[in-house]
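Participant: This is the structure I have questions about; it appears just below.
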Amino acid sequence: MRIKVDYAFIGHDLKLERDVCIDLSSREIENIEPRCQETPDLYIASSIAIPPLCNAHTHPMDVVIAEYGEELELHQLVSLPNGLKYRKLAEIDKHRVAEAVTAYLRRAVENGVVLLAAIAELGDLGIEVFKKTSTPWIAVDVYPQPHPDRARDLDEYLTLVRRYRRLSMDTLLSLSLEELNELGRVCKEVGARIQVHVSETRKLFEYQDYVLLKHLESCAIPVHLTYVTEEVYERFIGDTPLVICPRSNANHLGKLPEVGILLKHVERGYAVGVGSDNGAWFTPSPLEEMHYAFIAYKSRVPDPSRLAKALLYAVTIGCFRVLGSRYRGIDVGSLPIILILVDPLFSYTQNPVIAIARRGVSAEKLFVIGNQVVPLPSKDVFRSKLLHTIVSSIAPSH
C-alpha cells in the first residue's frame, strides 16, 4: 500500500520531509519518496507522520489507586517502605491490580505507544501481576523493584537482576558502596539494565546520589534528574542513557530538570527518553509530556524548534534507544508501522515539529500497520495480528 502524507519525520535522525509517499507491505517499509507527485492508494490530508511512541518510565501498578492522596506530598505518597502507594498495593487483590494495569496499557496503545518501560513494585509479586495481563499489542519492558520490606537487602537486588536482567531502584542510597559495586558487577555480567531515580528531590541531590552512578557501570539508566545542574551533568552523567518525567516533576515538586541537559544529550547523539511516571496521577501519553514540556521550557531557550525536535526525539527514537530496542523509525527496511497525526490546522503550519509539540496531543491519530489504517482509539488496533508481530520485534531483548 502506498500512502501520502503532508509531512514525515524520516529515519533515526527524524529528518523532516514534505509531500511524502510511503510504500508499506506486511513485512516492511519498502520505499519512501519525498516530494512525491504520483497518485497514492491513500492520501491523508493535513497530516504529519512520525514513528510510533515510546514511554521510557512508568509505574502502571499504582493506577489502581488513581487520584488517591492528592493532598499529600511526594515522600508521603511513594517513599519506601511506608508510602501510601506501597501500603495500598499490599492491601489490594492482585487480580484487581492486574486488571488496572491492563486498562492502563490499553490506554497507552490508544495514545500511540508501542513500547513502554514498566516498574513492577513488590518484587516477584509485582512480576506476577504483569504475568496476569495479556497484552500482545504493546511491548512492555518490566523492571522489578525489590519488595518494600527488602529495599536494603542486597540479595534481593541480585536475585531480581539475575532472574529478569532488569531492575528498578528507588534510590542509589539504598545500598552501601560495596553493595553497589557488587550489584554493578553482576549487572554487567548478565547484561542487565537498571532504572534508578537520581536527584528527583532536593534532598537526594544534596546527598550527591549522582556520584554513585559510576558503581553501576554501564547498567544504569538515571531517571528524573530534577535537581541535577548542568555542571553536575557534565561531570557525572556523560553519555549515560537518561529519562526525564516533566509532568510528574512539575506536579509533585514544582520543578523540571534543566532544559540544557535534554538539549545537550540529544545533540551529542546520546539516548534520552521521556516517561509519564506514576499511573495513579498521569496518563500514559508521551505527546502530553511533549506538549507540557514544550510550553514549560519554551521561554528558557532561544530556538523553540530545537526544543521541539529534542522532545520529539525523546518520545520516539531516543526512548527506543534508552530501552535497548533496535527499532529506529520510519525508514526503508524498517518495521511497517507509522503513527499519523491529523489536524486541519496542520495545513497552515509554518513549523511542523512545533505543530506536533503544540497540537499533536489533541490531533486525530491513526496507526498505519502494513496495509491497515486504524484510527485511535479503536478496538481494531487490539485485534491486529500484524501489530502483535511488530511489537514483538520492537521489544528489547532480555
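The values are calculated or read from the model by the stated rules, or taken from the named source; none is laboratory data. Note that the coordinates shown come from a computational prediction; the quantities given were computed from them, not determined experimentally. For neighbour counting, all protein chains shown are included, and Cβ atoms are generated from backbone atoms with ideal geometry for every residue, glycine included.
Participant: Of everything in region 63-77 that's under 25 Å from LEU287 (Cα atoms) and more than 17 Å from the chain's Cα centre (by Cα), which residue is surrounded by the most Cβ atoms within 10 Å (Cβ to Cβ)? Reasoning before the result, please.
Facilitator: Start the filter on region 63-77 by keeping residues that are under 25 Å from LEU287 (Cα atoms), which leaves 63-68, 70, 74.
Now drop any that are not more than 17 Å from the chain's Cα centre (by Cα), which leaves 64-68, 70, 74.
Working: VAL64: 24, ILE65: 22, ALA66: 13, GLU67: 8, TYR68: 14, GLU70: 9, LEU74: 16.
By that ranking, first place goes to VAL64.
Participant: Another question, then. When you go through GLU38, GLU70 one by one, which is the residue that is among the charged types (D, E, K, R) and either within 26 Å of ILE354 (Cβ to Cβ) or in contact with a strand residue (DSSP E or B) (Cβ under 8 Å, 6 or more places away or on another chain) (or both)?
Facilitator: Only one candidate qualifies: GLU38.
Participant: From the set of residues in region 323-347 that are outside any loop (DSSP other than H, G, I, E, B), over 16 Å from ILE369 (Cα atoms) and hydrophobic (A, V, I, L, M, F, W, C), which is nearest to the chain's Cα centre (by Cα)?
Facilitator: Step by step, filter region 323-347, then rank; the result is VAL342.
Participant: Something else: Please specify each residue of region 35-53 satisfying the condition of being loosely packed, with under 15 Cβ neighbours inside 10 Å and more than 24 Å from SER362 (Cβ to Cβ).
Facilitator: The answer is ARG35, GLN37, GLU38, THR39, ASP41.
Participant: Ok, one more. Of the numbered conditions (1) assigned by TED's automatic domain parsing to the domain that holds PRO336; (2) under 24 Å from LYS365 (Cβ atoms); (3) surrounded by fewer than 18 Cβ atoms within 10 Å (Cβ to Cβ), VAL20 fails exactly one; give the number of that condition.
Facilitator: Unmet condition: (3).
Participant: Just give me the residues in region 26-51 being in a strand (DSSP E or B) and touching a Cys at 6+ places or on another chain (Cβ under 8 Å), in sequence order.
Facilitator: Residues satisfying the conditions are ASN31, ILE32, GLU33.
Participant: Return the pair list, or none, for Cβ contacts closer than 7 Å from residues in region 177-195 that are within 17 Å of THR240 (Cα to Cα) to residues that are part of a loop (DSSP other than H, G, I, E, B), at least 6 apart or on different chains.
Facilitator: Short answer, once both residue conditions are applied: GLY191/ARG165; ALA192/ARG165; ARG193/GLY324.
Participant: Still on this structure: Please work out if ASP6 is free of Cβ contacts under 8 Å to residues at least 24 places away in the same chain, assigned to a strand (DSSP E or B) and either in the same structural domain as ILE356 (by TED's automatic domain parsing) or of a type in the set (A, V, I, L, M, F, W, C) (or both).
Facilitator: no
Participant: Consider only pairs whose beta carbons are under 9 Å apart and that are at least six residues apart or on different chains; among these, list those whose first residue lies in region 346-360 and is outside the structural domain of GLU289 (by TED's automatic domain parsing) and whose second residue is of a type in the set (A, V, I, L, M, F, W, C) and in a loop (DSSP other than H, G, I, E, B).
Facilitator: Hits for this filter: PHE346/ALA363; VAL353/LEU14; ALA355/ALA363; ILE356/ALA363.
Participant: Only residues that are part of a helix (DSSP H, G or I) and among the polar types (S, T, N, Q): list them for region 364-391, please.
Facilitator: Answer for region 364-391, where residues must be part of a helix (DSSP H, G or I) and among the polar types (S, T, N, Q): just THR389.
Participant: Out of all the residues in region 156-170, which are out of contact with any His (no Cβ under 8 Å at 6 or more places or on another chain) and within 11 Å of CYS187 (Cβ to Cβ)?
Facilitator: TYR157, LEU158, LEU160, VAL161, ARG162, LEU167
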